[in-house]
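Okay, structure first, notes after.
The values are calculated or read from the model by the stated rules, or taken from the named source; none is laboratory data. Keep in mind that what you see is a predicted model, and the values were worked out from it rather than measured. Reconstructed Cβ throughout: ideal geometry from the backbone, glycine too, with neighbour counts over all protein chains shown. When the accessible area is computed, the model is the full protein with side chains, heavy atoms only, and any ligands, DNA or RNA have been set aside. Shrake-Rupley method; radii C 1.70, N 1.55, O 1.52, S 1.80 Å.
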Amino acid sequence: MFSRWGAFVYRFRRPVALVSIAIAIGLSVFAAQASSHLSSGGWLDTSSESAQVSDRLAKDFGAGRSSLLVLFSSTASSDATSPEYQAAIAAALSGVKADPHVTGIVGYAETGDRRFISTKGDRAYVLVQLDATDEGSVELVDPIRAEISAPAGYAYQLTGYGPITKDSAALSEKDLQRAETVSLPVVAIVLILVFASLAAAGMPLLVAAMAIPSTLGLVFFASQQVQMSIYVLNIATMLGLALSIDYSLFIVSRFREELARGRTVGQAVEKAVATSGKAVTFSGLAVMIGLSGLLLFRASAISSIGIAGALVVLSTLFFALTFLPAVLGMLGHRVNALSLRGLFARLGVRPLGHGRAGWWERVARQVMRHPIGVLVPVLILLFILGSPFFRMVQGVPDAAIYPAGLESRDAYVSLETEFAQGETSPIVVLARVKGDPTAPANALALARYAETLGKAEGIDHVEGAYNLTDPKTGVALTPDQVAALYAMPAAQRPPEIAAAIAALQKAYVSGDSVRFDAISPLDPSQPKATSLTPSIRAIAAEAGITTQVGGQAAAGWDFLQAQADRMPYAIGLTLFASAFVLFLLFGSIAIPIKAVVMTLLSISASFGALVWIFQEGNLSGPLNFVPLGYTIAGNPIIMFSVIFGLSMDYEVLLLSRIQEAYRRTRDNTASVAEGLARTAGVITGAALIMVSVFAAFALADIITIKMIGVGMAIAVLIDATIIRVLLVPATMRLLGDWNWWAPGPLKRFADRLGFDHVEDDPDGSVTTDHRPGLEGAAG
């Protein structure tokens, strides 16, 4: 099948190339618009209890619309409660009040509530309520900013969902440009070292230049249908660059090898597509399967990365199997043009893989002579590297993960640290009663529940309609006293108490629903705060009262629980489906099991490094980040899916060449040595490229992207060195001919499909060339 496709592409190489270019140009038109349709949200399980609380707040309390927080500071006045300070705020927001999308402005002037004033008394914030959703508020940030005019001596900062989304999008694009600026020169140098030809080295970069914009164009269309995370921009580019270069590297190397054997250009194209083309197709399928596990998660921030990853693979495979072989067919032997071999020879530099095949073969044979002596120490090393993984603690971050100096981040951190702790992010409890919440029996039950809630671990106090204080002494009233006041006719209540009850009922009671705000001094993004959720939910309310717990900390807990519930299915699907693909390709049971186990070892080692570096703060200085004290939730499963798929690149390429040799010679030891010798140069070059691409994202300002980039760079480095060079030869030596065994029915099934068959040469004969070292080193 792949031979026929290669022949077809060569026959119609010019039309195929032109159609590919036209598709790339068409999709690139929409690529520039993709970032404006991505969201910084999506870290919420929409079916969770906290999500239900959010929906009820919108329905019963009108809190479903978005808002902006405007934080004011002044050099003219140090008392934010003074009439002058509040008048300056009113003057600054006078234009905002007339905005048709603004439904209200709430601050100290409107409520007299000191929660709007910093603990030092020198800063104040105002809530600008909007008629838009969170996503809709993004487009309102700039117009509302233009309507704010702070008087002399006063300054302001904006934060909230809209400003944070805008700032994070701009930051993501900046991180992306920085990573590309650093990685592309390194990639070009490695490609030149692999091919020793400028023309050949340019082929993978051409494919990347077409695949990445095409992917972002497809992301734009996907974002019209589902919520897509802002991190899709970085991960799609990261994956697109790495995969485009990897797949192109494999195909171009095989094409040059076939030309060096004396084949015609058409035969070389056909053979390259039949062998390396088949390998990258199955490798791409494995990557897609790895990423498909992310679609099982309810949080759109995770599932959208799975969608984007699948689009990256499809786009890369399309151009690698159409545009690339078509261009190679048109170039022919000119693919070796602009050779640098003479320059390399004068400088004493050898192309990667050229002249080193014998060295790789000797390494493989040495490992196979002492398989146990290699296997045991390597497994111990991998276990040591992966041991910090057992200390992993996950948390759902907030805007504090962005770098200092970003307006929305700085304002958010100020609200969390300079104002009464917990006031801006309370744990919200919605209670529902039978009948009127102000009836004496219900009032007593609700007051008792509020008192119990206020005594819970991690809760400082509770605000609500049933938390009253004596206006003369400031002492909190008991539940019985509160119930007695509610039992009085409104006209008989003391004036101050009557006014307080009326205001609290307006804010905290709606129909049969009652809202309580449990104020905790703990940072809601920290695991210690999110872990309060189950204990608060376990507080038993009196008969006739049902409660639901929401808020930022509860949403984080629900996200972690939903992730834990879905993770076994996602991992199981990835492992099984990837093993099945490898079985189809190699017709063996042992090969897929071995590949899965080795990839898990590689991933566990990289996760251990992730915990040691980012959660525990080691290397925080060189990598320029502030340790969070936890691993960002979602990152491990995203990395697992991506790394598991990417590791199959090298597995498929190496085992394809070993299988070709084994079918020809039936000598397991010689086949492993030959396969490693023929592919080591390309795998080395591909690994260097992928590591440089991922490591470039260590320069990102967003710690989420920095963590993913560093973790995947470590995983690829381990996979391409320890796993491929040491563990693969050792285990294949121990398994012997069992490497290629499968039960009779399964073997017949694989044979009928024919994917595991070695492709015949264009002239109908099976290659018998034993010369090592030709991979990536055309004459």
Subject >> Theoretical ellipticity at 222 nm over the chain - DSSP helices of four or more residues, -39500 (n - 2.57) apiece, nearest 500 >> reply: -19500 deg cm²/dmol
Original post:
Around Ser671, with a cut-off of 10 angstrom between Cβ atoms, what is the net charge of the other residues, counting Lys and Arg +1 and Asp and Glu -1?
Top reply: +1
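Relative to the Cα centre, what is the charge dipole magnitude of the chain, using +1 at the beta carbon of each Lys and Arg, -1 at the beta carbon of each Asp and Glu, and rounding to the nearest 20 debye?
On the way: 57 positive and 62 negative charges, 709 e Å.
About 3400 debye.
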Original post:
How big is the gap, in Å, between the Cα center of the range 392-430 and the Cα center of the range 556-587?
Top reply: 33 Å
**OP:** Please sort 47-59, 227-239, 192-204, 15-27 by packing, taking for each peptide the average over its residues of neighbouring beta carbons within 10 angstrom, highest first.
**Re:** 227-239, 192-204, 47-59, 15-27
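Around Phe644, under 13 Å between beta carbons, what's the net of Lys plus Arg minus Asp minus Glu among the other residues? Mind dumping the intermediate values first?
Details: positive: none; negative: Asp649, Glu651, Asp719.
Charge balance in the 13 Å sphere: -3.
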**OP:** Compute the length gained on full extension between Trp359 and Asp436: take 0.36 nm times their separation in residues and subtract their Cα-Cα distance, giving the result in nm to one decimal.
**Re:** 19.3 nm
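Roughly how many percent of the accessible protein surface of the range 550-602 is carbon and sulfur, given a 1.4 Å probe and a whole-percent answer? Before the final figure, lay out the partial values.
On the way: 1400 of 1790 Å².
Ligands and nucleic acids excluded, carbon and sulfur give 78 percent.
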Original post:
Gain in length, Glu110 to Asp667, computed as 0.36 nm per residue apart minus the alpha-carbon separation, to one decimal in nm?
Top reply: 192.0 nm
**OP:** Quick one: check the C-alpha center-to-center distance for the range 153-211 versus the range 247-279, whole angstrom.
**Re:** 30 Å
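Let me check against my output: what whole-number percent is the relative contact order of the chain, with C-alpha pairs under 8 Å and at least 6 apart? Let's see the in-between values first.
Numbers: 1407 pairs, mean separation 161.6, N = 779.
For the chain, the relative contact order is 21 percent.
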Subject >> Hz values of 3J(HN,Hα) by residue in the range 487-501 - Karplus curve (6.51, -1.76, 1.60), Gly and Pro given as x >> reply: 6, 6, x, 4, 5, 8, 6, x, x, 5, 5, 4, 5, 5, 5
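Using DSSP to define loop residues, name the trypsin sites (Lys or Arg not before Pro) in the range 100-200 whose beta-carbon has at most 15 other beta-carbon atoms within 10 Å.
Of the trypsin sites (Lys or Arg not before Pro), the ones in loops of the range 100-200 whose Cβ has at most 15 other Cβ atoms within 10 Å are Lys120.
How large is the accessible surface per residue of the range 451-527, computed with a 1.4 Å probe and reported in Å² as a whole number? Intermediate results must be reported in sequence, preceding the final value.
Details: 3890 Å² over 77 residues.
Ligands and nucleic acids excluded, the figure is 51 Å² per residue.
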Subject >> Distance between the range 106-137 and the range 634-696 - C-alpha centres, whole angstrom >> reply: 56 Å
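Can you give the accessible area per residue of the range 1-96, in Å², using a 1.4 Å probe?
Working: 4740 Å² over 96 residues.
Roughly 49 Å² per residue, with all protein chains present.
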Original post:
Any idea how far apart Asp79 and Val376 come out in nm if each label point goes 7 Å out from Cα toward Cβ?
Top reply: 8.0 nm
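For the cross-link pairs Lys506/Lys528; Lys59/Lys166; Lys166/Lys706; Lys278/Lys747; Lys271/Lys594, which exceed 24 Å when the distance is taken from alpha carbon to alpha carbon? Intermediate values should be presented prior to the final figure.
On the way: Lys506/Lys528 33 Å; Lys59/Lys166 27 Å; Lys166/Lys706 19 Å; Lys278/Lys747 20 Å; Lys271/Lys594 28 Å.
Over 24 Å apart, Cα to Cα: Lys506/Lys528; Lys59/Lys166; Lys271/Lys594.
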**OP:** Kindly provide the trypsin sites (Lys or Arg not before Pro) of the range 649-702 that DSSP labels as loop, not H, G, I, E or B, and whose Cβ sees at most 16 other Cβ atoms within 10 Å.
**Re:** Arg666
Original post:
At what distance in nm do the modelled label points of Leu619 and Thr103 sit from each other, each positioned 7 Å from its Cα along Cα→Cβ?
Top reply: 4.8 nm
**OP:** Return the carbon/sulfur percentage of the accessible area of the range 605-729, one whole number, probe 1.4 Å, all protein chains in place.
**Re:** 64 percent
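Net charge near Ile689, counting Lys/Arg +1 and Asp/Glu -1 over other residues with Cβ under 13 Å of its Cβ?
Details: positive: none; negative: Asp246, Asp649.
It works out to a net charge of -2.
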Subject >> Full-extension gain in nm, Asp142 to Trp741, via 0.36 nm per residue minus C-alpha separation >> reply: 209.2 nm
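Take the Cβ-Cβ distance between Arg4 and Met567 as r, set R0 to 56 Å, and report the resulting FRET efficiency rounded to the nearest 0.05. Mind showing how you got there, number by number?
Values: r = 41 Å, r/R0 = 0.74.
After rounding, the FRET efficiency stands at 0.85.
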Subject >> Listed residues Leu285, Phe586, Ile643: farthest to the positive end of the dipole of the chain (Cβ charges) >> reply: Phe586
**OP:** With a point put 7 Å past each Cα toward its Cβ, work out how far Ala22 is from Ala476 in nm, to one decimal.
**Re:** 7.3 nm
